[in-house]
Amino acid sequence: MPPGQARPAAGSSILNSASELRRQPVPLPGILSPLAALPSLGALVEQLGTESLLVLAAYVALAGAYLVVVPLALFWWMNRRWMVMGKLERTAVYGLVFLFFPGLILFAPFLNLRMAGQGDL
């Protein structure tokens, strides 16, 4: 308690309102201490405005489609049609693989596209 400040009466709380609780800084250990100066997400949303949030949402949607949705659909299509593709379809798929390569690389370690084989002979 700072010098010169009266002690609270017995039975009363030290923090009188929730606003006092929000004003107290949260100490962060060591390397995370510069993060305490960053604004909160709510303050950032208030600062940006609706147009900026719409642009940000559009970027997130396009990035999600480019890195997740289309590559997964392409993996599914290749796995389903690999043995029966014609030359034009195969050329188109190769072009899509080139176009969506970053997303395909993200999922490549987790997906198995090996052929099923002929079973036990």
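The values are calculated or read from the model by the stated rules, or taken from the named source; none is laboratory data. A quick note: this is a predicted structure, and the numbers were derived from the prediction, not measured. Note that we place each Cβ from the backbone using ideal geometry, even for glycine, and neighbour counts take in every protein chain shown.
List of remarks:
- Spans of helices (runs of 4 or more DSSP H) in the stretch 1-94 with at least 1 residues modelled with pLDDT of 65 or more and in contact with a Gly (Cβ under 9 Å, 6 or more places away or on another chain): 70-81
- Within the stretch 39-95, considering residues that are hydroxyl-bearing (S, T, Y) and over 20 Å from the mean Cα position of the chain (by Cα), the one farthest from P109 (Cα to Cα): T50
- Boolean, L72 is of a type outside the set (G, A, S) and within 18 Å of L62 (Cβ to Cβ): yes
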